[in-house]
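Visitor: My questions will all concern the structure given below.
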Amino acid sequence: MELIIVRHGQTDLNKQAMIQGSEVDAPLNATGQAVAQASAQKFDARGFAAVYVSPLKRAVQTAQIFTKGQYDFHYDGRLKEMDYGNWDGHSVAEMKAKYPQCFDPWGFIRDNYIKHATGGESFADLEARCASFLDDLLKKYDQEKILVVCHGATSRMLVAHLFTGGNASRLHQMDNCGLTKIEFAGSTPELMYYNRVLA
């Protein structure tokens, strides 16, 4: 199987460096749409056996742009962004000032944030749903090419599950509209590239 993972385009909350989890259903902003359009012009959307998409607006819009209307989508809730509980909608700077120990060297949220976020999803739970999704793909597809369009923490964990034992802090988060390609020989993955930006 050949797996291409795309992170959604920019939203206003991305631009404002706000925490944007699964309970925030923001659309792409003008920059997000423009970068997705520019990226799509350099993206070969042919030959996918299936396209799996998070049901959140920002991912759906990005998938529509990248695939140029060529596919029906499989919407999968396991591809939603991480649920940050009551941290959602707060600025990264605000939460980092209050809980500096909960951010990694790149400024991304660590798994210990769950001690301070009411209703937040743990990294273990995020990995479990990413693992479930990947297991289902590997059972269903063999030599086919599959496209997945999702979110920053989710895409990071999909890759972390396969290559770092689920330690997402070993990876920088993908940029908006960044691409990752993974090829599988049976169930054995090989990372071909990570966070390739087309525009």
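Visitor: Applying the Karplus parametrisation 6.51 cos²θ - 1.76 cosθ + 1.60 with θ = phi - 60° to the phi angles of segment 59-64, what ³J(HN,Hα) value in whole Hz is obtained for each residue in order, glycine and proline being reported as x?
Guide: 6, 4, 4, 5, 4, 4
Visitor: Which of the residue pairs LYS42/LYS139; LYS42/LYS68; LYS57/LYS80; LYS15/LYS57; LYS15/LYS68; LYS42/LYS181 have a Cα-Cα distance greater than 20 Å in the structure shown? Intermediate values should be presented prior to the final figure.
Guide: On the way: LYS42/LYS139 30 Å; LYS42/LYS68 12 Å; LYS57/LYS80 10 Å; LYS15/LYS57 16 Å; LYS15/LYS68 25 Å; LYS42/LYS181 15 Å.
Flagged as over cut-off: LYS42/LYS139; LYS15/LYS68.
Visitor: Using only alpha-carbon positions, what ratio does the radius of gyration of segment 100-199 give when scaled by 2.2 N^0.38 Å? Display every interim value, and only then the final one.
Guide: Working: Rg = 14.3 Å, N = 100, 2.2 N^0.38 = 12.7 Å.
Normalised Rg, Cα atoms only: 1.13.
Visitor: Output ³J(HN,Hα) for segment 37-48: one whole-Hz value per residue in order, computed from phi by the Karplus curve 6.51 cos²θ - 1.76 cosθ + 1.60 with θ = phi - 60°, and x for Gly and Pro.
Guide: 5, 5, 5, 4, 5, 9, 9, 7, 8, 7, x, 7
Visitor: Below 8 Å between Cα atoms, with a sequence gap of 6+, how large is the relative contact order for segment 2-196 in percent?
Guide: Relative contact order comes out at 32 percent.
Visitor: Amide H neighbours of LYS145 under 5 Å, counting only residues 5+ apart in sequence or on other chains, H built in-plane at 1.01 Å?
Guide: GLU2, ALA49
Visitor: Report for the chain the percent antiparallel among DSSP-assigned beta bridges with both residues inside it, nearest 5.
Guide: Taking every DSSP beta bridge with both residues in the chain, the antiparallel ones total about 50 percent.
Visitor: Please determine, in degrees from 0 to 90 and to the nearest 10, the orientation of helix 152-163 with respect to the longest principal axis defined by the Cα atoms of the chain, where the helix direction is its Cα long axis.
Guide: That works out to roughly 70 degrees.
Visitor: Provide LEU147, LEU179 in ascending order of the number of other Cβ atoms located within 10 Å of each residue's Cβ, fewest first.
Guide: If I rank by nearby Cβ atoms, fewest first, I get LEU179, LEU147.
Visitor: For TYR75, enumerate residues with amide H under 5 Å from its amide H, sequence gap 5+ or separate chain, H modeled in the peptide plane.
Guide: Close amide H contacts, sequence-distant or interchain: VAL53.
Every number in this text was worked out from the coordinates using simple rules, so none of it is lab data. Computed from a prediction, not measured in an experiment: that's the story for all the values here. Quick reminder, even Gly has a Cβ in these numbers, built from the backbone with ideal geometry, and neighbours come from all protein chains shown.
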